[in-house]
Ligand code: NDP
C-alpha cells in the first residue's frame with residue numbers, strides 16, 4: 001500500500017464511523033439552519049462555493065494526469081462533469097431561498113468534502129490507473145444506466161421542490177410522483193447516481209464517494225421526514241423516508 005491507498009481507506013472509514021452520529025444530529029442548513037454557529041453566508045453562493053472544488057478537481061487531475069486513459073475513463077469524466085455542472089452552475093441559481101443564509105462552517109466543511117472526493121477520484125484516474133475497463137461490459141453499462149436514472153430522479157425531484165416553493169409561501173407537503181412513496185426522492189436519486197458511478201469505475205475512490213453520499217443523505221432524509229411529520233399534521237403516514245417500500 002502507498003500513501004494514496006492509505007488516504008482512500010481512511011476516507012472510506014470516516015463516513016462509516018460517523019454514520020451513527022449523523023443519524024442522531026441535524027446538519028444545520030436548509031430547513032434545519034440555526035444561527036448560533038458563527039458567520040453566515042448567502043445560501044445561493046454557499047452552494048456554488050461548496051460544490052465548485054468537485055467540479056474542478058476531478059476533471060483537472062483526471063485529464064491532466066500522466067496516465068493513458070481509455071474510453072470508460074472519459075465516460076466517468078463526462079458523468080462527473082454532467083452532475084457538477086448542474087450542481088455548481090445551475091442548481092444554486094434556481095433555488096428560491098431568497099435572503100436565506102447558511103452557517104459558513106457548513107460551507108467550508110462541505111467544500112473540503114467536495115475537494116477530497118474530487119481529488120481522490122481524479123487522482124486515481126489521472127495518476128494511478130486511467131484504464132477503467134471495457135465500456136461494453138455488462139456492469140459498466142448497468143452503472144451508466146443507473147447513474148443517468150439517478151441523475152434524472154435527483155433533478156426532477158429538486159425541480160419539483162423548487163417549484164413548490166415558487167407556488168406558495170414557505171414549505172409545503174410535496175405530493176405525487178415518487179413523493180407518494182418517499183419523503184426525499186432527490187436524495188434517493190443522488191444515492192443511486194453515485195452507486196451507478198461506482199459500478200462504472202469499480203475502484204476504491206468511487207466506492208468511497210457512494211458510501212459518503214449514502215451516509216450523508218440517509219440521515220438528512222430521516223431528519224426531513226421527521227420534520228415533515230412534526231410540521232404538517234396531515235403528513236401521509238405510509239410515506240417512507242428515502243428507500244421506496246423499505247425505509
Ligand atoms: P432539500 O431537499 O433540503 O432542498 C432542496 C431545495 O428545495 C431547497 O431549496 C429547499 O429549500 C427546497 N425545499 C425542499 N423541500 C421543500 C418543501 N417541502 N417545500 C418548499 N421548498 C422545499 O435538499 P438539500 O438542500 O439538502 O440538497 C440539495 C441537493 O444537493 C440535493 O439534490 C442533494 O441530493 C444534494 N446533496 C448531495 C450530497 C452528497 O453527499 N452527495 C450532500 C447534500 C446534498 P430550503 O433550503 O430553504 O430548505
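What follows is calculated from the coordinates using simple rules that are stated; it is not laboratory data. Just so you know, these numbers come straight off a predicted model, no measurement behind them.
Would you please calculate the Kirkwood hydrodynamic radius of region 110-247 over all C-alpha pairs and express it in Å, rounded to one decimal?
By the Kirkwood definition, the hydrodynamic radius is 16.4 Å.
Given N residues in the chain, what is Rg(Cα) / (2.2 N^0.38 Å)?
With N residues counted in the chain, Rg over 2.2 N^0.38 Å equals 1.03.
Distance from the Cα centre of region 101-152 to that of region 27-52, in angstrom?
So the separation of the two Cα centres works out to 23 Å.
Alpha carbons only, please: Rg and Dmax for region 115-192, in angstrom.
Gyration radius and largest Cα-Cα distance of region 115-192: 17.4, 51 Å.
Can you give me the convex hull volume of the Cα atoms of region 22-87, divided per residue and expressed in Å³?
Cα convex hull per residue, to the nearest whole number: 139 Å³.
When the convex hull of the Cα atoms of region 169-224 is projected onto a plane and the area is averaged over all directions, what value comes out in nm²?
Mean shadow area of the hull around the Cα atoms is 4.6 nm².
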